[in-house]
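Below is one structure, written out as structure tokens; comments come after it.
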Amino acid sequence: MYTSFNRLSDDLKSGKITAIDVVKHYLKEIEKKKHLNAFLEVFTDDALAQAAVIDKKINEGSAGKLAGMVIGIKDNICYKGHKVSGASKILEGFESLYHATVVDRLLKEDAIIIGRLNCDEFAMGGSNENSAYGNALNPIQEDKVPGGSSGGSAVAVTAGLCIATLGSDTGGSIRQPASFCGNVGLKPTYGRVSRWGLLAYASSFDQIGPFANSVEDIALLMEVIAGKDDKDNTASHQAIEQYTQFDTTKKYKIGVPKDLLSGEGIDKEVFSFYTSFIDDLKSKGHEVEEFSFPYFDYMVPTYYILTTAEASSNLARYDGAHYGYRSPNATDIESTYVLSRSEGFGEEVKRRIMLGTYVLSAGYYDAYYSKAQKVRRVLKEKTEEVLQKVDFILTPTTPTTAFKIGENISDPVSMYLQDIFTVYANLVGCPAISLPLGNHSNGLPFGMQIMGKHFAEKEILSFSKSLDNAS
Amino acid sequence: MSSIYDKYEAVIGLEVHAQLQTKSKAYSSDKNEYGATPNTNVSVVSLGHPGTLPMMNKESIRFAVKMGLACKSDITEDMIFARKNYFYADLPKGYQITQDKTPICTGGSVEIKDENGEVKHINITRIHLEEDAGKSIHDLDPYNTLIDLNRAGVPLIEIVSEPDIKSSQEAYNYLQEIRKLVRYLDICDGNMEEGSLRCDANVSVRLKGSNELGQRTETKNMNSMRNVQKAIEYEIKRQIDLIEAGEQIHMETRTFDVATGTTKSMRSKEQAHDYRYFPEPDLQPLKVSQEYVGKVKEQMPPLPKELFEKYTSSLSLSDYDANVLTETKEIALYFEEVIKSTENYKAAANWVTVNIKSFLNEQAIEIDDFSVNPKTIAEIIDLIDENKISNSVASQKIFPLIAKGSDQSPIKIAEENNWIQNSDSDAITTYVEQALSKFPDKVEEYKSGKKGLLGLFMGEVMKISGGKADPKAASAKLREILD
């Protein structure tokens, strides 16, 4: 079948295939690979009905630019009239009354939304093991995690369950699973894509972004979903660019943080690929500049203080009083809160709410939250300085390939350290992409991460495309 | 005899919440309206549904700036919003969007009258923007608490005063001034019964002359200005009694009980919320430029204090008249229109504060529903000043006709009804002679010293003339003949 949208789109237009055929194909694939647990729900009837409408539009020549693109969305993105749960028991049965802006924009361009995808509960996790509905499996080696939190989104693309997917990325939740499953995942600049309709985890970090098998599809999706939105006060008003107009000839200045060059804490093969990849870039005429950035040790702690603080507040609305799960044992308002939240949230979510509540508490605020805010400010300033000298900062996406299911689940700290390279982009708000360039001798893929200046999606995608061509 | 209470003085600070009457809510396009069917002005934002985000309502910023300008506060140029976190059933997001470290206005003051009628300034600590919570209704259903989220997200300003208030009367005067201001500014209807204006009182007492502050309590739930006064009075007495009995005052939140006129403990300091304020990540920092503030300043309506000063100094009106005229913006604006067309300010003030006000009272209507053009009132005043009509004809005959909707001009009405005052001396002489001829006995009495009878003769002259005789001229003629 089709691994990218370009050819499919041509065939749809020429009538070689219909949108209904495409949907039916993916429905069959989803059914066949049900055990991967990528989808929490398949919108079979809606997808078929929409495909019929789109076939008609294609015939009439009035179809949008994503006509026939079959897309899955992470289960933290609202689709009117459809369930959305954040893979949490606390939102079991909850149906959204409105479209997320990204969904609205996809539908306007005639994409077909085929279902909602598994993820870590409220996007908290890096293995998909925190889903209340069981973890998704890595389609390359099924005893491995697919990564997270957007695990289902990565699995669906790699396993050919749809053409592209949307995920969300707060500290690596798109790029890490893209790296683990071997596809392309982009976290846009903070504010590039509207967050209206995205279940908030950490509002100043969260961004919606696409997964696909090709850089072209990522670029095409970005043209549709990005841009200002009156419903999101933090969405940028800066005009979006034509991301699909790639300039693959340009030579760039690539920044490499010296501090990573000892290879400490990075899988040997991942590291040696990284260094040879750097040499490769040089040989292709790109300039590589090493720079000192002695702040990596501060990133994960800063990230966890700030994101949990925001999460503790963002998740307060799930209280059993208004919608979603209410404990059957509740007898009054106090027990409604305590029991509904204790029973409705999973362990990791509760851990983060506790941590976030703690760092915001009177007497601890200055020592934790306030200090982390300062570190974040320093990181932003220092990164801006670096990005004045170089176009991109290149690191591996993840220090290792996908790990075994269950391997890290009881050790949150080592799980958190998986995020070392990815949290950086969210802390400073920069766009970053993971490209599936590495193949480990253990049979698993891994990604290289390219982070650019704010709103430099077009350069990142052009550069990525040039690497794609070469491989 | 001096009582123990005289040894103490109270230190009072008020936190006043004023609901802003913007068209839509603070962070959504939901309608901001009082009294709608429960849970009808609620979109997914007001309901706090997953994935929703706040949108900034610029109108509420403008309203807050207006209040700041009226209090001569500093307007903050760069501000951020904050979340105040707590669980409550009528707070669907689990937090309120408010301002913590960067309130929109800081400093400034409100001028009030103290207990002796002297001018006093109550300093303002800060004015910040926040959103209202919904309403929990406990008395409609015997088993359940019902929630109405129409109010959730309605914009508020909280005006926090310094502890400059020294008595319940001052607190009352301060609140009255705040209410006058928000009404003049047209940013809040100031209705305490409906909760669009709410007040929490921080009260402590100390021995007179002491510089140390006593332990304070915060009292809530007072739904009228009189209740605020009563609650503070009670609280002052309660605290003094405790101190005199050698007991301690605890820092706590208390609630006012209307039925008993007392306050009782709601929660102690130990039970106090830790609101875990932190910057609201869903709203970008907001810049209020000097230029913007300048524009708002240009649109400011006249304020009661400015008008009061104008009336008492350049118009030479009494404090009493100026007070009555500035009581509400509507009355003041009406008066302003009248004095555009007449220079007899004293008469204009009388007409507005006496004739028009009593007509409004009789009809139980507001000045907005009073249909007489202010120019017409000025015309009446001028006719009196020109001696064309008498004061009594004007107020007792012409004004009622006009107030009830006659669209004829005052002069026309006077002419048609033959009410034009006659000051022609022949006519007056005739009236006077006719009148005196009716009471020969009384004339004798008058001549022998009963000067008080002059009124009787005047009355008769007016009766005979049908009210048209110029009273001044008639009285002069009477004296001329009699004395």
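Yes/no matrix, rows are residues, columns are (1) in contact with a helix residue (DSSP H, G or I) (Cβ under 8 Å, 6 or more places away or on another chain); (2) of a type in the set (Val, Ile, Thr); (3) within 26 Å of A:Tyr365 (Cβ to Cβ):
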residue	(1), (2), (3)
B:Lys72	no, no, no
B:Ala89	yes, no, no
B:Thr102	no, yes, yes
B:Ser109	no, no, no
B:Asn123	no, no, no
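Kindly establish whether A:Glu241 is more than 14 Å from chain B (Cβ to nearest Cβ), touching a residue at least 12 places away in the same chain (Cβ under 8 Å) and under 30 Å from B:Lys58 (Cα atoms). Give the derivation first.
Working: more than 14 Å from chain B (Cβ to nearest Cβ): yes; touching a residue at least 12 places away in the same chain (Cβ under 8 Å): yes; under 30 Å from B:Lys58 (Cα atoms): yes.
So A:Glu241 fits the description; yes.
To keep it simple, each residue is scored yes or no on (1) closer than 30 Å to A:Lys258 by Cβ; (2) at pLDDT 95 or above; (3) within 14 Å of another protein chain (Cβ to nearest Cβ); (4) in a helix (DSSP H, G or I).
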| site | (1), (2), (3), (4) |
| --- | --- |
| A:Asn314 | no, yes, yes, yes |
| A:His322 | no, no, yes, no |
| A:Ser340 | no, yes, yes, yes |
| A:Glu348 | no, yes, no, yes |
| A:Ile353 | no, yes, yes, yes |
| A:Gly356 | no, yes, yes, yes |
| A:Val386 | yes, yes, no, yes |
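Need a quick list: strands (runs of 3 or more DSSP E) entirely within the range A:147-225 having at least 1 residues that are among the polar types (S, T, N, Q).
On the way: elements: A:164-169, A:184-187, A:207-212.
Fully inside the range A:147-225 and qualifying: A:164-169, A:207-212.
Go through the range B:263-305 and give me each residue that's among the basic types (Lys, Arg), within 13 Å of chain A (Cβ to nearest Cβ) and surrounded by 17 or more Cβ atoms within 10 Å (Cβ to Cβ). Spell out the reasoning first.
Start the filter on the range B:263-305 by keeping residues that are among the basic types (Lys, Arg), which leaves B:264, B:267, B:269, B:276, B:287, B:295, B:297, B:305.
Those left that are additionally within 13 Å of chain A (Cβ to nearest Cβ): B:269, B:276.
Matches in the range B:263-305: B:Arg276 only.
Could you go through the range A:54-72 and let me know if any residue there is assigned to a loop (DSSP other than H, G, I, E, B), closer than 20 Å to A:Thr44 by Cβ, of a type outside the set (Lys, Arg) and within 12 Å of chain B (Cβ to nearest Cβ).
No.
Could you list, in sequence order, all residues of the range A:94-112 that are surrounded by fewer than 24 Cβ atoms within 10 Å (Cβ to Cβ) and more than 12 Å from chain B (Cβ to nearest Cβ)?
A:Asp104, A:Arg105, A:Leu107, A:Lys108, A:Glu109, A:Asp110
Look at the range B:192-224 and say how many of its residues are in a loop (DSSP other than H, G, I, E, B) and surrounded by fewer than 16 Cβ atoms within 10 Å (Cβ to Cβ). Break it down into steps so the answer makes sense when it comes.
Narrowing the range B:192-224 to residues in a loop (DSSP other than H, G, I, E, B): B:192-196, B:208-216, B:221-224.
Next cut, surrounded by fewer than 16 Cβ atoms within 10 Å (Cβ to Cβ) only: B:193-195, B:208-213, B:224.
Count: 10.
Starting from the range B:131-143, take each residue that is touching a residue at least 40 places away in the same chain (Cβ under 8 Å) and among the polar types (S, T, N, Q) and list its partners that are assigned to a loop (DSSP other than H, G, I, E, B) and surrounded by fewer than 21 Cβ atoms within 10 Å (Cβ to Cβ), counting only C-beta distances under 6 angstrom and pairs at least six apart or across chains.
Going by the 6 Å Cβ cut-off, the qualifying pairs are B:Ser136/B:Ala89; B:Ser136/B:Asp90; B:Ser136/B:Thr145.
Rundown of residues vs (1) in contact (Cβ under 8 Å) with a residue 12 or more places away in the chain; (2) assigned by TED's automatic domain parsing to the domain that holds B:Cys188; (3) surrounded by 19 or more Cβ atoms within 10 Å (Cβ to Cβ), yes/no style:
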{"residue": "B:Ala26", "(1), (2), (3)": "yes, yes, yes"}
{"residue": "B:Lys31", "(1), (2), (3)": "no, yes, no"}
{"residue": "B:Leu47", "(1), (2), (3)": "yes, yes, yes"}
{"residue": "B:Pro50", "(1), (2), (3)": "no, yes, yes"}
{"residue": "B:Leu53", "(1), (2), (3)": "yes, yes, yes"}
{"residue": "B:Asp74", "(1), (2), (3)": "yes, yes, no"}
{"residue": "B:Phe81", "(1), (2), (3)": "yes, yes, yes"}
{"residue": "B:Lys84", "(1), (2), (3)": "yes, yes, yes"}
{"residue": "B:Pro92", "(1), (2), (3)": "yes, yes, yes"}
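In the list A:Ser276, A:Ser327, which residue meets the criterion of being polar (S, T, N, Q) and either facing chain B (nearest Cβ under 10 Å) or out of contact with any Gly (no Cβ under 7 Å at 6 or more places or on another chain) (or both)? Before you say what the answer is, go through the steps one by one.
Values: A:Ser327 fails: either facing chain B (nearest Cβ under 10 Å) or out of contact with any Gly (no Cβ under 7 Å at 6 or more places or on another chain) (or both).
Just a single option satisfies the conditions, and that option is A:Ser276.
For the range B:391-483, which fully contained helices (runs of 4 or more DSSP H) count at least 2 residues that are within 41 Å of the chain's Cα centre (by Cα)?
Working: elements: B:399-403, B:410-416, B:425-438, B:440-447, B:454-465, B:471-482.
Answer list for the range B:391-483: B:399-403, B:410-416, B:471-482.
Within the range A:27-38, does at least one residue satisfy the condition of being modelled with pLDDT of 95 or more, of a type in the set (Lys, Arg) and not in a helix (DSSP H, G or I)? Reasoning before the result, please.
At the first step, the residues of the range A:27-38 found to be modelled with pLDDT of 95 or more are A:27-38.
Imposing the further condition that a residue be of a type in the set (Lys, Arg) reduces the set to A:28, A:32-34.
Within this subset, residues satisfying the condition of being not in a helix (DSSP H, G or I) are A:33.
For the range A:27-38, residues modelled with pLDDT of 95 or more, of a type in the set (Lys, Arg) and not in a helix (DSSP H, G or I): present.
Residue-by-condition table, conditions (1) away from chain B (no Cβ under 14 Å); (2) crowded, with 24+ Cβ neighbours inside 10 Å:
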{"residue": "A:Gly81", "(1), (2)": "no, no"}
{"residue": "A:Gly86", "(1), (2)": "no, yes"}
{"residue": "A:Leu91", "(1), (2)": "no, yes"}
{"residue": "A:Asp120", "(1), (2)": "yes, yes"}
{"residue": "A:Gly125", "(1), (2)": "yes, yes"}
{"residue": "A:Asn130", "(1), (2)": "yes, yes"}
{"residue": "A:Ile163", "(1), (2)": "yes, yes"}
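Going through A:Pro146, A:Pro139 one at a time, which residue ends up being surrounded by fewer than 24 Cβ atoms within 10 Å (Cβ to Cβ), in contact with a helix residue (DSSP H, G or I) (Cβ under 8 Å, 6 or more places away or on another chain) and of a type outside the set (Val, Ile, Thr)?
Working: A:Pro146 fails: surrounded by fewer than 24 Cβ atoms within 10 Å (Cβ to Cβ).
One residue alone meets the criteria, A:Pro139.
Tell me which of these A:Asp46 doesn't satisfy, since it passes every other one: (1) touching a strand residue (DSSP E or B) at 6+ places or on another chain (Cβ under 8 Å); (2) within 14 Å of chain B (Cβ to nearest Cβ); (3) charged (D, E, K, R).
(2)
Which condition breaks for A:Lys382 when tested against (1) among the basic types (Lys, Arg); (2) surrounded by 19 or more Cβ atoms within 10 Å (Cβ to Cβ); (3) more than 9 Å from every other protein chain (Cβ to nearest Cβ)?
Every listed condition holds for A:Lys382 apart from (2).
Give the residues of the range B:339-356 that are more than 16 Å from B:Pro302 (Cα to Cα) and over 19 Å from the mean Cα position of the chain (by Cα), sorted by residue number. Spell out the reasoning first.
Restricting attention to the range B:339-356, the residues satisfying the condition of being more than 16 Å from B:Pro302 (Cα to Cα) are B:341-356.
Of everything in the range B:339-356, those that are more than 16 Å from B:Pro302 (Cα to Cα) and over 19 Å from the mean Cα position of the chain (by Cα) turn out to be B:Ser341, B:Thr342, B:Glu343, B:Asn344, B:Tyr345, B:Lys346, B:Ala347, B:Ala348, B:Asn350, B:Trp351, B:Asn355.
Looking at (1) in a helix (DSSP H, G or I); (2) over 18 Å from B:Ile381 (Cα atoms); (3) of a type in the set (Ser, Thr, Tyr), which one does B:Ser314 not meet, given that it meets all the others?
All conditions are met except number (1).
So that you can scan it fast, the table gives a plain yes or no per residue for (1) in a helix (DSSP H, G or I); (2) under 27 Å from the mean Cα position of the chain (by Cα); (3) at the interface with chain A (Cβ under 10 Å from one of its Cβ atoms):
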{"residue": "B:Tyr27", "(1), (2), (3)": "no, no, yes"}
{"residue": "B:Glu33", "(1), (2), (3)": "no, yes, no"}
{"residue": "B:Val45", "(1), (2), (3)": "no, no, yes"}
{"residue": "B:Gly51", "(1), (2), (3)": "no, no, yes"}
{"residue": "B:Arg62", "(1), (2), (3)": "yes, yes, no"}
{"residue": "B:Val65", "(1), (2), (3)": "yes, yes, no"}
{"residue": "B:Gly68", "(1), (2), (3)": "yes, yes, no"}
{"residue": "B:Lys84", "(1), (2), (3)": "no, no, yes"}
{"residue": "B:Tyr88", "(1), (2), (3)": "no, no, yes"}
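Just need a number here: residues in the range A:229-261 that are under 17 Å from A:Val215 (Cα atoms) and not β-branched (Val, Ile, Thr).
Result for the range A:229-261: 7.
Would you please name the residue that is surrounded by the most Cβ atoms within 10 Å (Cβ to Cβ), looking only at residues in the range A:17-34 that are in contact with an Asp or Glu (Cβ under 8 Å, 6 or more places away or on another chain) and not polar (S, T, N, Q)? Write out each step before concluding.
To start, the set of residues in the range A:17-34 that are in contact with an Asp or Glu (Cβ under 8 Å, 6 or more places away or on another chain) comprises A:17-20.
Right, trim to not polar (S, T, N, Q) and you get A:17, A:19-20.
Numbers: A:Ile17: 18, A:Ala19: 27, A:Ile20: 18.
Top of the filtered list is A:Ala19.
Is at least one residue of the range A:400-417 within 14 Å of chain B (Cβ to nearest Cβ) and either out of contact with any strand residue (DSSP E or B) (no Cβ under 6 Å at 6 or more places or on another chain) or modelled with pLDDT of 95 or more (or both)? Steps first, answer last, please.
Here is the first cut: in the range A:400-417, the ones within 14 Å of chain B (Cβ to nearest Cβ) are none.
No: the range A:400-417 contains no residue that is within 14 Å of chain B (Cβ to nearest Cβ) and either out of contact with any strand residue (DSSP E or B) (no Cβ under 6 Å at 6 or more places or on another chain) or modelled with pLDDT of 95 or more (or both).
Residues are listed down the side, and each one gets a yes or a no for (1) within 19 Å of B:Lys269 (Cα to Cα); (2) of a type in the set (D, E, K, R):
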residue: B:Lys208; (1), (2): no, yes
residue: B:Gly214; (1), (2): yes, no
residue: B:Glu218; (1), (2): yes, yes
residue: B:Met222; (1), (2): no, no
residue: B:Arg226; (1), (2): no, yes
residue: B:Ala231; (1), (2): no, no
residue: B:Gln239; (1), (2): yes, no
residue: B:Ile249; (1), (2): yes, no
residue: B:Glu252; (1), (2): yes, yes
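The values are calculated or read from the model by the stated rules, or taken from the named source; none is laboratory data. In this text the structure is predicted, and so the values were computed from the model without any measurement. FYI the Cβ positions are ideal-geometry reconstructions off the backbone, even for glycines, and counts take in every protein chain you see.
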